[in-house]
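First comes the structure, then the notes that go with it.
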Amino acid sequence: MSGKIKAHIEKLRKEIEEHNNRYYVMNQPVISDFEYDILINELETLEKKFPEYISEKSPTRNIGSDITKEFTQYEHRYPMLSLGNTYSEEELREFDSRIKKTVSEPFEYVCELKFDGASVSITYRNGNLFRALTRGDGNKGDDVTANVRTIRSMPLKISGKKVPAEFVIRGEILMPRAVFNKLNEERIKAEITPFANPRNAAAGTLKLLDPAIVSSRSLDCQVYFLLAEELPYDNHFENLKEAASWGFSVPDSFRLCRNIEEVIQFISYWESERKNLPYDTDGVVVKVNSLALHEELGVTAKSPRWAMAYKYKAEEATTRLLSIVFQVGRTGAVTPVANLEPVLLSGSTVRRATLHNSDQIAMLDLHLNDMVYVEKGGEIIPKIVGVDHSFRDKTFKKALFISNCPECGTTLVKNEGEANHFCPNYLHCPPQIKGRIEHFISRKAMDIDGLGEETIDLLFSKDLIRNYADLYALKHEQLVPLERLGEKSSLNIMKSITKSLETPYHRVLFALGIRHVGETVAKTISRRFRTIDDLINADPEQLTSVREIGPKIASSIIAFFSDKENIEIINRLKQAGVKFGADQEAVKTGNSLNGKTIVISGLFLKHSRDEYKAIIEENGGKNSTSVSGNTSFILAGENMGQSKKEKAIELGVPLINEIEFLKIIDED
Ligand code: IVH
C-alpha cells in the first residue's frame, strides 16, 4: 500500500513540475489554473497525511521557476514569494479567523485585483530604474531590464519627497486583450503558433532577446507592492498611493476594507465588473494593511501568512464528447475540434470546443463519449479542460490524431518545436490553394479589388483557378456567366487584375506567400536582391548575410524556389507582366520623410546602416553625414558618436531612436 502512495506522490510531483515548465518557461500551459490548483491541492493533502514522504524539493514547497539560460540571473534583495489561494468564500473566512488568532487588535485589509500576467521586481536607485528581474525561482530571477525599460508606463526616473534612496517595486507585466488579439492574428497569418492567452503573450514577450520587438508589443506594468529598508508609511495602502504619486501605474481599483464582509463585497462586485477591464484578471488579492502585522504574521515556505488570493472560477459545464473533426486552415495547420452534446454555458449554447493540437488530446487522454469539462475562459471559443473519469466506460475508444490530411490525403507533418501538425501539400491542398490566392490578392500584396473569399471559392469550384498565376489567364467571357458576378463585376475584376501588374517588386515578393516572408522581410530582400532571378540563385550564405534573415527564413526561401512548380508559376507571372525587379532608382514606398535631411549615427538592431540609408531614400528623405543647421534629425543608435551628439545638442537637432524612427515610417 505505502509503495503505491509513494509512487502516486512522485507521479504527481513529476506531473506538476512538467506543468510548471510549460507555464513559466515555455509559456504554453495545457491545463487551466483551476486544474493545476487541484493537482497541488491533492499533493498537499497527501503530504500532510503521509509526512514520511515530505520532501524539501516538492513543488508544494517550491515555486515554479521561469529561469532561462539566455538571461543573466541576479539575487532578489527580498525573496519573491507566491500566494496562498482559494476558490471558496469559506476558506477565505478561515484565513481571516487564522489571523485573528494571532492578532488581537483591530486591523484592516487591502483588496486588489489580481492581474494575470508575469510578475517583475524592479529596483530603483537614487530615483533611477536600476534593474528589473523576473520572479525566477523566488530567490534569483532573470535580468530583463532592457525589456522593462521599453514599457511606457514604467518610469525610468522618478522624483518625490518621500522616495527612498533605494527601493524595490513589484508589479505585473500585462498585455492588453486588444493588443493580444491583434498579435495573434498576425502570428496566425505568419504561421507562428498563436499565444494561448494574454498572460502567456506577456510572459513570452518579456523574455524576448530583442527589446525593439518588446517595445512594439505595447506591454503595460501595473504595480502592487513597495519594499525598502525604510518605507514612506507603516501601511500598504498609503505606500501604494505614494507610489502612484511618484508616477507608477497603480490600478485605481484597490480599496481599504475594515473586515472580511467588506472584502467579500469587493470580490462579488468585481466578479462581473472585471470583464470590462482591458486586461485579464483572475481574482482578488487580500492583504493585511499594517506592515507591523506582516512582520508578526510572518511567512511559510512558499507564501506570506498575511495575504491570500481569492480566485474566480472560470465558468464551466459538463457535457459529452461526441466526435472530433479535423479542420485544415488556409495555412495548412490542422486543428482538432470537438463536437459536443449541446450544453448551456454562461448564457450561450456550446456545441463545439477547440482542442488546439495533438498534445492537448494526449494530455487530456480523451476517449470518444467521455464526459468532459468545458470552460469559457477569457477567450471566446470554449475549450475542454478535463475529463470526468467516473463516467468512462471500457467500450470508450481512445481519441486518435489523424495521420493524413482530411482535405487531400497527404501525410501530415509535425515540425520539432511546433505545436501543430500541418499538411505539407501547400500547392494542391484545396484550403491552402485558396489561402495562398487570398493572400496574393490582399490589399498589402497585389491589391486586386473585387475578388473576395467567396469569389475565390467560386472560381476554384468551377476549376478556373488552381494557383495565383491562373488569375492572369482569366477571361471576361468566363466570368460573366458565373452566378453572383455578371457583366459589371467581371469587368471590375479584369480591370483590377490588369492594374495589379503595376505592383512594385517588394510587394510582389510579399504576395508570393513564402513562409516567414512578411512585408518587412520582403522589403529588405528587395533591396539586396534587385531581381527575382538574383533571389532564386542566392545561396543560404548570401541570404543569411542580410540582417533580419536568419536560417529559418533562408531555408524557407530556398525550399520555395527549389519547387519546380513554383518556378513555373513565377515564369507564367513574368509572362503576364508582373514586376519581378526593383526599378532603377530606389523603390519609393512612402512620403513620410519628404524634405527631411537625416544623419545616421551609432549601431542598430533591426537594420544595418546601409539599409537605413536606403529606407530614408525610399521614404523621400535625404542622407547626410554631418550635423548642421539643416539636419532635420539624427537617427541615433547605440554608442553614437560623441562629437555628433554634442553638435546636435548645441544646434538643437532632435535625436530619434530606431524604434521611434520605424514608427515614423510605419514599418512596425
Ligand atoms: S502580491 C507577497 N498583489 O499573483 C506578495 N500579487 O500568485 C505577493 N499578482 O506572483 C504578491 N496581482 O504575479 C500581489 N495585486 C497583486 C497581484 C499579485 C497579481 C500575481 C503576482 C504573484 C502572483 C501570486
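One table, with the values for the structure above:
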{"quantity": "Three-way shape label, region 457-504, alpha-carbon gyration tensor, a/c 1.5", "calculated": "oblate"}
{"quantity": "Mean-position separation - Cα centroids, region 1-48 and region 326-355, in angstrom", "calculated": "28 Å"}
{"quantity": "Estimated inter-spin distance, Glu238 and Glu638, nm [label 7 Å along Cα→Cβ]", "calculated": "4.4 nm"}
{"quantity": "Global form of region 31-133, assessed from the alpha-carbon gyration tensor, a/c cut-off 1.5", "calculated": "oblate"}
{"quantity": "Per residue Cα convex hull volume in Å³ - calculated over the chain", "calculated": "199 Å³"}
{"quantity": "Theoretical FRET efficiency, 1/(1+(r/R0)^6), r = Cβ-Cβ of Asp359 and Ala559, R0 25 Å, to 0.05", "calculated": "0.45"}
{"quantity": "Selection from Pro431, Leu491, His476 lying farthest towards where the dipole of region 422-494 points positive, charges on Cβ", "calculated": "Pro431"}
{"quantity": "Contact order normalised by residue count of the chain, Cα under 8 Å, 6+ apart, percent", "calculated": "9 percent"}
{"quantity": "Region 124-182 shape via C-alpha gyration tensor axes, a/c threshold 1.5", "calculated": "oblate"}
{"quantity": "Dipole magnitude (debye, nearest 20) for the chain, charges at Cβ of Lys, Arg, Asp, Glu", "calculated": "920 debye"}
{"quantity": "Local net charge near Ser626, Cβ-Cβ under 14 Å (Lys/Arg +1, Asp/Glu -1)", "calculated": "+2"}
{"quantity": "Paramagnetic reach from Ile567 in region 504-543 [backbone N under 17 Å; point 7 Å along Cα→Cβ]", "calculated": "532-540"}
{"quantity": "Net dipole in debye of region 376-482 [+1 Lys, Arg Cβ; -1 Asp, Glu Cβ; about Cα centre; nearest 20]", "calculated": "500 debye"}
{"quantity": "Dipole magnitude (debye, nearest 20) for region 256-326, charges at Cβ of Lys, Arg, Asp, Glu", "calculated": "200 debye"}
{"quantity": "Lys/Arg +1, Asp/Glu -1 at C-beta; region 119-216 dipole; positive extreme among Val163, Pro194, Leu129", "calculated": "Val163"}
{"quantity": "Longest site-free stretch - the chain; sites: trypsin sites (Lys or Arg not before Pro), DSSP loop, at most 10 other Cβ within 10 Å", "calculated": "162-393"}
{"quantity": "Positive dipole terminus of region 303-357, leading residue within Leu322, Trp306, Asn339 (C-beta point charges)", "calculated": "Trp306"}
{"quantity": "Relative contact order (%) - region 500-589, alpha-carbon pairs under 8 angstrom, separation at least six", "calculated": "44 percent"}
{"quantity": "Inter-label distance, nm, simple model (7 Å from Cα along the C-beta direction), Glu94/Ala317", "calculated": "3.2 nm"}
{"quantity": "Per residue solvent-accessible surface (Å²) - the chain, probe of 1.4 Å", "calculated": "50 Å²"}
{"quantity": "Qualifying GluC sites (Glu not before Pro) in region 18-84, DSSP loop, other Cβ atoms within 10 Å at most 10", "calculated": "Glu56, Glu70"}
{"quantity": "Length gained when the stretch Gln478-Asn339 is fully extended (0.36 nm per residue, less Cα-Cα span)", "calculated": "46.0 nm"}
{"quantity": "Carbon and sulfur %, accessible surface of region 59-129 computed with the full protein complex present, 1.4 Å", "calculated": "44 percent"}
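The values are calculated or read from the model by the stated rules, or taken from the named source; none is laboratory data. Treat the numbers as computed from the prediction; the structure is a model and nothing was measured. Backbone-built Cβ (ideal geometry, glycine too); neighbour counts: all protein chains shown. In case anyone asks, the SASA skips ligands and DNA or RNA and just uses the protein heavy atoms, side chains included. Shrake-Rupley method; radii C 1.70, N 1.55, O 1.52, S 1.80 Å.
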